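What follows is calculated from the coordinates using simple rules that are stated; it is not laboratory data. Everything numeric in this text was worked out from a predicted model, so none of it was measured.
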Amino acid sequence: MSLQPMLMSNGPKDDDGDVGVAVQTRAKTKRPPLYKVLLLNDDYTPMEFVVHILERFFGLNHAQAFEIMLTVHKKGLAVVGVFSHEIAETKVTQVMDFARRHQHPLQCTMEKE
Ligand code: TYC
């Protein structure tokens with residue numbers, strides 16, 4: 001991170017009694033907020049369908065996808081990834097559209113980390 005020095009004038013001498021304290025302010029590089037994408041359990045969506053979604057939209061291998069699906073099944077929900085706002089929104093839309101097209105009640109949401 002860069003430091004931006006803010007110094008007193010180094011031009012011609014003044015006579016204002018100022019003792020010339022140098023001040024440094026830190027340039028703020030704000031990281032964008034991150035969002036958790038959550039998958040919610042329900043009683044009807046087939047396990048294999050959830051595994052397929054996790055492979056297809058979240059790039060998980062079969063073992064990882066199966067493990068997260070089981071976590072959702074047992075605990076009620078799980079975080080399936082953490083993304084920028086725009087990517088998280090895209091994932092949620094992809095999952096919700098795909099579930100709806102296959103007439104499964106699967107729910108996917110996002111929340112600020
Ligand atoms: N509970 C579902 C079943 O027993 C499986 C399931 C897992 C559904 C994860 C949704 O996000 C989910 N068929």
* **For segment 60-71, 3J(HN,Hα) per residue [Karplus equation, 6.51 cos²θ - 1.76 cosθ + 1.60, θ = phi - 60°, Hz, x = Gly/Pro]** => 8, 6, 4, 5, 4, 5, 5, 4, 5, 4, 5, 4
* For GLY81, list long-range residues whose amide hydrogen, built 1.01 Å from N in the peptide plane, is under 5 Å from its own amide hydrogen. => VAL37
* Structure fact -> If amide H atoms are modeled at 1.01 Å from N in the peptide plane, then the residues at a separation of 5 or more from GLN107, or on another chain, having amide H under 5 Å from its own are LEU40
* Can you give the alpha-carbon Rg of segment 46-112 over 2.2 N^0.38 Å, where N counts its residues? -> 1.03
